[in-house]
Structure formats: structure tokens, C-alpha cells
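The values are calculated or read from the model by the stated rules, or taken from the named source; none is laboratory data. The model shown is predicted, which means the values in this text are computed figures rather than measured ones. In this analysis, Cβ positions are derived from the backbone assuming ideal geometry, glycine residues included, and neighbour counts consider all displayed protein chains.
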Amino acid sequence: MSFRPNTISKLATLTLVAVLGSACSPATTEANNQLKQVVAEKLTASPVQLKVGEGFVNPVGYYEAKPRFSWKLADNANSQFQTAYQVQVSQEQNSFTQNTLVWDSNKVVSSSNAWVDYQGQDLTSRQKVYWRVKIWDEADKASNWSEIQTIELGLLNNQDWQAKWIGHPDTQLSKKPEQMVLATPQYLRKTFSVKGDIKQARLYVSAKGLFKPYVNGAEISSEDVMTPGWTPYAKRIETLTYDLTDKLVQGENAIASSIAGGWYAGRMFEFTDREFALPARFLAQLEITYADGKTQKVLTDTSWAVTQSGPIRFASIYDGERYEQGKEMPNWTAVDFDQSSWAQAIEQPLDENVQLQPKRHAPIRVTEKMPVQEVVSHKDGVVIFDFGQNMVGVPKLNIPVIAGQEVKVRYAEALHKGDFYTDNYRSAKSTNYYLPSQTGMIEYQPTFTYHGYRYLEVSGYDASQTPTENWVTAMIQHSDVNIHASFESSHDKLNQLSQNIIWGMRSNFYDIPLDCPQRDERLGWTGDAQVFVTPSMYMADVYGFWSAWLQSIREEQGPDGKIPLYIPFVEWINFASSGWGDAVTIIPWELYMVTGDETILADNFEMMKGWVNYHQKKSKNYISTMNTFGDWLQPFPSNLKDGENGNRGNTDYSLIGTAYFARSIELTIKTAKVLNKQQDVAELTDLYKKVKQAFIQEYFDDGLNLVKENAIPTQTTYLLGLAYDLFPVEKRDIAVEKLIGLIAEADNHLRTGFLGTPLLTQVLQDAGRSDVIYDLLFKESYPSWFYSINNGATTTWERWNSYSIDEGFNPQGMNSLNHYAYGTVSRWFYEGILGIKPVTAGFKHIRIEPQFGDKLSQAKGGYITPQGEVTVDWTIAAGQLTMSVIIPKNTTADIILPQVDVASLVVNGNKPSITSLTKVLPGQYQITGSVSL
Ligand code: RAM
């Protein structure tokens, strides 16, 4: 039985009345008049929150020649749905006429309020356009036009650049420079003069390496760090655009930058022969437009001056930075600095095969300044500070020093039995040195490196002074994404876990998704990414972050379809792994389901097909022979000890490979259907059937017992089969039984690694066993999430047993305390505990089915869908549920409450006859009833 439409509209009316209730009471004539006015205004509410592409507001230096437009219906609009829209794009600010429009969608009958494709002529480099949108509601009543928004493009093509790459003459490879020369940052500057009223000035800028730019003695951005970020540099380097209109002055001006090797030229991983093999280079093009229409360009070329004699003597991502106060060059970024001792820069042309493209997501920025929580100890001139939180960035030091006495700064994630422990940074020195030339207070913050840490050790300061908490502040850095995670519950440890997961995300969303932020790795591991993409979307605005990284993956895919293990690829481990490379089918699909944006599928479809092909090449009779990291870091592998090969767990490798082969085909089929590629659908469906059949035949008997020789039944074995729908429907119950049996055998603990863990919640919830999920989630003993919290975790760990208060660090060399992979469970906070899932892509239709359990009495939170925020807030006291649900505009939802006794159910004052309320309309729903848990 379904929830009848007449009841629905009554509900919706009730909602509206409830919303307006306070406005129309008391019922005086005046109030009634006011109400009429309010309603009249609401009927014409224009769309709000206009965005471009993956969530940009009025972008400057935008990257897409064909932007996508999104907006929302105003919360206070009287209408619930959009039935049509019109988007207009103009080349003039206040004119939207035939002469000025570059595109007019005209009225399009559609409920889409997001990802509307621009269909005019491609926008071009530097072009600035103005856009607005209006909508029609369910009564076909038009809104007013929205506010006008802008898009300004960056430089889209290499042909737009007249500037040259520049650098210090001593760093030319033809001169066979020593590594130390290449590792020494460069300082570059140029003066130029400005005459006339400036209408606009834009700086287009980048580096091979990292740059920090200045104009007229001041930083151009006090927030952006580690720009331009990390892309496959041999194929694409991102450029940034800065507005300098208000920063230039009449007469002489100075533009300057320091640069260092960063990810481009420094070492990645531990191969010292790769250390600093390339010279850092700088590229800048300042374009000034005067009020009279004249233009002027200031370009990087041989007219720039350069030195390597500045204060930063060495900079490396892994190893840290060395700074010498005596080498400071006061005012080196100002006009009147004497640069006569500097060298003339050398220039190099742009590389033909390296695309310069505008950065397509927010740069890394300082997002928080965190004070010291405690001075842990100070003895013999060595002080240890504790920030109380494992995190990422650089410290700002304000400490007393003595001329000539070197200060050393080290980092640690935890204390090992009380001692400062850096073994798990492996070969990453992660150390800063500061050599003072004067006695007194210094202020120092590293520029071209970053650290993952909670504890800081400083030595070499003026030991006659007593260290205080004011000596250091942590400047927390990560890709500047809006974090909106809102999950909260009645359980402190669960809330702590949620916070730890958010910190894991903040620490590792460092221009690309990193596995960890501290040791000699910090790479964009694909397997970790595929298990965390959806939870990260529930917690932050990271669509742009992911879609940018997918572009890098496309660039790194081999001609045979091979996907490297981490992106960007650097020479280290060079094979492809099942469960890792499958990120290229899983991530686009998951992003599509959450956003509803078909572009992410269209952009990645060829890559998905290529990867499926690669799988096929690496299979025999449809059984995978692909290499794999397996169920990485599964606890208690029964055939092997922890470490070495034991890291790969003991779920059969080819079974894992075959399951992912099938999964990747399935997602590619789904994608082909959305993109209407019928030929692909047909071919892939045929292949899919064969792989599915091979999976069941190769590994299982009729009772779903594992039959392959030496294969060990594991939780992940059945999780893969169930999650990826590889068992015959009629046998799913058997598989669930097997899984529950294996969990029981493990004393109700999980036995899953990177691949199995994300599947636990989905599979158990689908099987109606959320009670088991609650058991696993609230488990206190190893292996469990709370075990880490009981041992002081403030982030999620790489291993279930990375650390314990009694034993300190697990001695395995590969052991980070800041890995987001196991944070995958936060997906269930949203999809399970709150019960919010997309039924159709982009949450146009939502399913709300909270999983109540006796371990939680309260939970609340929501997710910001493209239509607006959906929220769920429930409390259970003495068996009575009180729940509030808000469904955003332009959305419908099913609210499914099987645990509620129907006789007691009340929804917005009504008593429905069933506990599945289908197709409910936007608005707020107050729900009460008795629950059986
Ligand atoms: C290590 C890290 C990373 C994982 C790979 C397989 O480098 O744990 O997260 O993906 O191994």
C-alpha cells in the first residue's frame, strides 16, 4: 500500500500552514494583510545560490569554456517545485538584450536546477560574462530574475601565454647543477611602471614546483600555499589567476616571487637519485587594462632578476626546510630594493606537450590557527608541545633564539611510551632548521614544505627562557573546501569518531587525496580514494576536488587502459591492482549518484571502458589474474603474519580481482545507459554475464562454500559477492548467513581491510542486519573504530592496531596515524543512522530510512543536496520516537519507518495507515510513534 496522494497534498498544505503559522497569528485584519503580502512576495521568489561548475561562485580564472549552471529554489518560496527554467548569459553587466546575450536557453520545461549546460559558443580565455536565471513553479508562474552573477575565464590555452619559464642560470641542467643547487629556492623580481587609470589587472601565474608571489612589498595572497598544486606535470600544469587591480600603483611597481621544487622537482618516495633532478621554474603574465582601453603586459623573461642567496636555503616536501636569518633580504619584494647583485634570469619556452590550464579547484590554504594545548616537557633545551590534535600544515614559531645557535624543529604524531617518535615517518626527515644571526625573538613559518603531526619538538632556542604555550601556533592547511559535516549523536565516542574522520579528511585532502600526510609517501593512492569518495561528499564540498583529480587519472592512464596505483604517478611501484584501479569506475559513478551531474560520467566514460579492457586482458576465462594489494591491512590474516605479504589479508586475490572486474563492468554499463550508448551497453552486458557466471562457478559450490583450492572463507569474500551482486538472488540469504557466521566466529568483530570495510555497512543494512553494524561500530576492543579512540586517536589510523597507549607504535614500518581509508564508515552515519540515501542521481528523489538501534538515543544531521539541505533529527526516549525531517524544495522523498508501530504513528498531526510514506513533498515533517528496537 502506498501513501495516497490526497493525504500527501494535505501534508504539504499542513507544512505550509505550519511554516506560515507564526505570521498569521493573531488573526487580526492587519496580520491577514501582512500574510497576503508575504505570500505574494513568496510566489515571485527568484532562484538563489547560483553556482558555476562544481560549486563556484563568481569565479575569476575559471577553467571551463562551456560552464554548467546550478541554482536553488529559495527556502521561503511559496512554491515547492520548479517546472521550467531560463538561463541567460550576457557579455555586458546590466544588459540582457539580443545584442548583448551570448546565450539564452529560453524557457526550458525541466525540473533540473543543477548542471544545466551552457550551449552558446565556447567562452574564450579572459572572457567575462554575466548570467542570471529565472524559474517557473508548479502553477507555471514565473519568478523574477535572480541576481546577476559573473564568470571570468582564465587562460585556457598555451597560445595565450607570451611569458616564458624563468629561473636562475645556475640551475640550468646543461650546467649539470648539483642537487643542492636545485634544492635551493630561488627569488625572482621585476619592476615596471604603470601610467594611467587602471580598469583591471590580472596576474596569471604558475610554477614548475611551488611559488609564493608578491606585489609591491606584500603577499599577493596571504592564504594560498603550495600553489599551483600537484598534477601530472609532464602533461598539465595548473595556473592561478589573481586580481591585482587594487594592488598596483601609479608609477613604479614591483612584482616578485620565491619558488621551490615541491612535488615537481623534489624527491617523491625514497629514491635519492631522483631527488632534485629538475630545476624549479616560474611563469607569470600580468595583464593590465587601462580605462582608455590600452593594455600592458608584464611577462616573465630575461628582464627579471633572480638570486639563490635568500634565506630559505633548502626546501623539500618530505624533508622540511632550512632557513638562515642572516640571508634575509629586507624589502626584496618592494620597488626600491637594490637588486644589483642578483643574476639575470634565464628563460625557457613553454613545453609543447604540457598544457597550462586554470586550476580547477580551490588551492591549499591556511584554514585554521590552532594554539598549543600543552607544553608536555622541557629539559636540556628541548621542548615538546602538544596540539591535542593530529593535523597537517606548518607551525608558526615565536621563540627566543641566540645568534649562531641553530634551532631544530621536529614533528611526531604520537609519543611512543612517552618518547618523541619519528620512526613511522620512515625516510622523511620532516625537520626544519633555523639559523639565527641575531639574538632575540624570531617569527618563523616554513613556506615550501608541510608536516603531518600532533607533537612538535623544538631545540636550540634560548634555553635561559622558559617555553610557554605562546611559542607556537599550528597553521592548519588543506585544500580549502567547505566542510559541512553535521552528523551528531547522543554517543560521545561516536561523535569523537566522526570528528576523527573529518580530521582524516582535512589532513589528507592536500590538493590531491593523499594516503597519509607525514611519511615519505603522501601519494594519491587510488584504492583509498574509492572507499572514501562518498563519505567525503557527505562531509564537505569536494566535488571539484575529486573531478580535478579524475582529470589527472585520465592523463595517467596507459594506452592499454592501465591505471597506476597512485595519481599523479611517480616512479616507485609500477603495477596495477584490482580494487585500486577500479577507482576510475567507482568514483565517477559515486559522484554522479550524489550530484546528478552527467558531465562526470561523460568525461570519464572512455577511461572506464579502458580500465574494463585492461581487466579483460588480465583475466583468463573471465577470472582475474591481476595483481592486487588484496584486502589491505586486514586484521589477523590467518595464513600470514602482519606485515610483508600479510598486509594483503587472506581473501583470495583472484576472487577479489574477479569481483572488481565485474563491478567495474557493471558501473560502466550503468554509465553507458545514462549516456545513452546502446552499443556499449550491449557489449558490456554480455561480458558482465560471463564474468558473473565465472565468479560463482570458479569459487563456490551450491551452498556457497568456497571451493577454490587454498581459498579461505573471509568476511570480505561474502561482502564482495553481496555488495557487487555476484551471487544468484535466491542464494543471497545463504551468503548473508555465512557472513554473519564469520562475524560471530570473530567474536562479533570485523576482519576486514581497506576493501572489505566499506562494504560491511551497506551489505548488512541491505540484509536488514543493522543490529550487527551497531555491534561492530560500538565495539571497544581490537579491531574496531572505538579501539583507536580508546587509545587516544584524534584521526583515523592506517592499521586497526597502529598504536596503543601501553605498547606505543606498532613496529611495522608502514604505519600512519592519519589515514582516511577506515573513515569510510562515516558514510553509514548519513546513509544508515540518519538513513538518507539518493534513490535517483543527485537526490532528486530521496529515501529516508533511519536505522534505529538500542545503542543510540539521538542522532541528527543532514546533507546539502543540489536542491538544498535534507535533514533528519531523531530522538528515542522510553520507546517513543520523535523525529523531524526536512525535505528540500524541488525534491520528493520516501520516508520508511519499519521499526515504528503503525498504530502509534503520527505525521504532522495526521495518522497514516502505513509506515512507508512514499513520494512526500518538500517541507518539514514532525513524526512521532513507538519503536521496537
Ligand atoms: C600503503 C598505504 C596506502 C595503500 C597502499 C597499498 O602505501 O597504506 O594507503 O593504498 O599501501
(message) Tally up the residues in region 537-549 that are over 26 Å from D520 (Cβ atoms) and either within 13 Å of the ligand (Cβ to nearest atom) or assigned to a helix (DSSP H, G or I) (or both), please.
(response) 6
(request) Kindly check whether there is at least one residue in region 195-217 that is more than 28 Å from T367 (Cβ to Cβ), surrounded by 16 or more Cβ atoms within 10 Å (Cβ to Cβ) and assigned by TED's automatic domain parsing to the domain that holds E287. (result) yes
(message) I'm trying to understand the selection: among the residues of region 721-756, which are under 18 Å from L776 (Cα atoms) and either touching a strand residue (DSSP E or B) at 6+ places or on another chain (Cβ under 7 Å) or among the aromatic types (F, W, Y) (or both)?
(response) F754
(message) Return the pair list, or none, for Cβ contacts closer than 7 Å from residues in region 656-667 that are in the same structural domain as D686 (by TED's automatic domain parsing) to residues that are surrounded by fewer than 24 Cβ atoms within 10 Å (Cβ to Cβ) and among the small types (G, A, S), at least 6 apart or on different chains.
(response) T658/A694; F661/S619
(request) Could you figure out which of (1) away from the ligand (no atom under 16 Å from the Cβ); (2) modelled with pLDDT under 95; (3) not aromatic (F, W, Y) isn't true of P559? (result) (2)
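Looking at region 510-532, which of the residues that are touching a helix residue (DSSP H, G or I) at 6+ places or on another chain (Cβ under 6 Å) and not in a loop (DSSP other than H, G, I, E, B) is nearest to the ligand (Cβ to nearest atom)? Talk me through it step by step, then tell me what you get.
Our first condition is that a residue be touching a helix residue (DSSP H, G or I) at 6+ places or on another chain (Cβ under 6 Å); within region 510-532, this holds for 512-515, 517-519, 526, 528-532.
Among the residues that remain, those that are also not in a loop (DSSP other than H, G, I, E, B) are: 512-513, 526, 528-532.
On the way: I512: 13, P513: 10, T526: 8, D528: 5, A529: 9, Q530: 10, V531: 10, F532: 11 Å.
Here the answer is D528.
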(message) If I ask for residues that are under 21 Å from P228 (Cα atoms) and part of a strand (DSSP E or B), which ones from region 487-509 would you list?
(response) F509
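This table checks each residue for (1) modelled with pLDDT under 95; (2) among the hydrophobic types (A, V, I, L, M, F, W, C); (3) over 24 Å from the mean Cα position of the chain (by Cα).
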{"position": "V570", "(1), (2), (3)": "yes, yes, no"}
{"position": "F575", "(1), (2), (3)": "no, yes, yes"}
{"position": "V584", "(1), (2), (3)": "no, yes, no"}
{"position": "M593", "(1), (2), (3)": "no, yes, no"}
{"position": "I600", "(1), (2), (3)": "no, yes, no"}
{"position": "G610", "(1), (2), (3)": "no, no, yes"}
{"position": "K618", "(1), (2), (3)": "no, no, yes"}
{"position": "T628", "(1), (2), (3)": "no, no, yes"}
{"position": "W632", "(1), (2), (3)": "no, yes, no"}
(request) Determine which member of the set I553, I567 is within 13 Å of the ligand (Cβ to nearest atom) and not assigned by TED's automatic domain parsing to the domain that holds M226. (result) I567
(request) For region 267-327, please list each of the strands (runs of 3 or more DSSP E) lying entirely inside it that holds at least 3 residues being touching a strand residue (DSSP E or B) at 6+ places or on another chain (Cβ under 8 Å) and closer than 30 Å to S125 by Cα. (result) 281-290, 295-299
(message) So N574 ticks every box in (1) more than 23 Å from H361 (Cα to Cα); (2) surrounded by 22 or more Cβ atoms within 10 Å (Cβ to Cβ) but one. Which box is left unticked?
(response) (2)
(message) If I filter region 712-731 for residues that are outside any loop (DSSP other than H, G, I, E, B), buried (at least 17 other Cβ atoms within 10 Å of the Cβ) and within 16 Å of the ligand (Cβ to nearest atom), do I get at least one hit?
(response) yes
(request) Name the one entry in R360, R426 that is of a type in the set (K, R) and in contact with a helix residue (DSSP H, G or I) (Cβ under 7 Å, 6 or more places away or on another chain). (result) R360
(request) Restrict the check to region 485-502 and report whether at least one residue is crowded, with 21+ Cβ neighbours inside 10 Å, within 13 Å of the ligand (Cβ to nearest atom) and either among the charged types (D, E, K, R) or not assigned by TED's automatic domain parsing to the domain that holds T449 (or both). (result) no
(request) Would you point out the residue of region 855-867, among those that are under 20 Å from the mean Cα position of the chain (by Cα) and assigned to a strand (DSSP E or B), that is nearest to G596 (Cα to Cα)? (result) T865
(request) Look through T449, T466 and report the one residue that is in the same structural domain as R410 (by TED's automatic domain parsing), surrounded by fewer than 17 Cβ atoms within 10 Å (Cβ to Cβ) and not in a strand (DSSP E or B). (result) T466
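Here are some residues: V298, V354. Which one is more than 31 Å from the chain's Cα centre (by Cα) and of a type in the set (V, I, T)? Steps first, answer last, please.
Working: V354 fails: more than 31 Å from the chain's Cα centre (by Cα).
Criteria check complete, one pass: V298.
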(request) Return only the number of the condition from (1) away from the ligand (no atom under 16 Å from the Cβ); (2) over 20 Å from L706 (Cβ atoms); (3) in a helix (DSSP H, G or I) that A659 does not satisfy. (result) (2)
(request) Go through region 548-594 residue by residue and tally those that are closer than 19 Å to M268 by Cα and in contact with a His (Cβ under 7 Å, 6 or more places away or on another chain). (result) 0
(message) Test of understanding: among V906, V870, which residue is touching a strand residue (DSSP E or B) at 6+ places or on another chain (Cβ under 9 Å) and over 17 Å from L73 (Cβ atoms)?
(response) V906
(message) Quick check on region 868-895: of everything there that is polar (S, T, N, Q) and within 21 Å of M593 (Cβ to Cβ), which residue is surrounded by the fewest Cβ atoms within 10 Å (Cβ to Cβ)?
(response) T892
(message) Out of D631, D702, I need the residue that is surrounded by 19 or more Cβ atoms within 10 Å (Cβ to Cβ) and among the acidic types (D, E). Which one?
(response) D631
(message) Looking at the structure I just gave you, is G630 more than 26 Å from Q697 (Cβ to Cβ) and either away from the ligand (no atom under 16 Å from the Cβ) or of a type outside the set (K, R) (or both)?
(response) no
(message) So if I check each of I573, I587, which one is part of a helix (DSSP H, G or I) and either in contact (Cβ under 8 Å) with a residue 60 or more places away in the chain or within 16 Å of the ligand (Cβ to nearest atom) (or both)?
(response) I587
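Hey, among the residues in region 744-798 that are within 16 Å of the ligand (Cβ to nearest atom) and either among the small types (G, A, S) or not assigned by TED's automatic domain parsing to the domain that holds E590 (or both), which one's surrounded by the most Cβ atoms within 10 Å (Cβ to Cβ)? I'd like the intermediate steps shown before the answer.
Start the filter on region 744-798 by keeping residues that are within 16 Å of the ligand (Cβ to nearest atom), which leaves 752-758, 783, 788, 795-798.
Still in the running and either among the small types (G, A, S) or not assigned by TED's automatic domain parsing to the domain that holds E590 (or both): 753, 756, 788.
Working: G753: 30, G756: 28, S788: 26.
Here the answer is G753.
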(message) Quick test of your reading of the structure: L776 fulfils all but one of (1) in contact with a His (Cβ under 8 Å, 6 or more places away or on another chain); (2) within 23 Å of I623 (Cα to Cα); (3) not aromatic (F, W, Y). Name the failing condition by number.
(response) (2)
(request) Determine whether region 820-842 contains at least one residue that is within 16 Å of the ligand (Cβ to nearest atom) and in a loop (DSSP other than H, G, I, E, B). (result) yes
(request) Name the strands (runs of 3 or more DSSP E) wholly inside region 169-250 in which the number of residues that are more than 30 Å from E64 (Cβ to Cβ) and out of contact with any Pro (no Cβ under 8 Å at 6 or more places or on another chain) is 3 or more. (result) 186-194
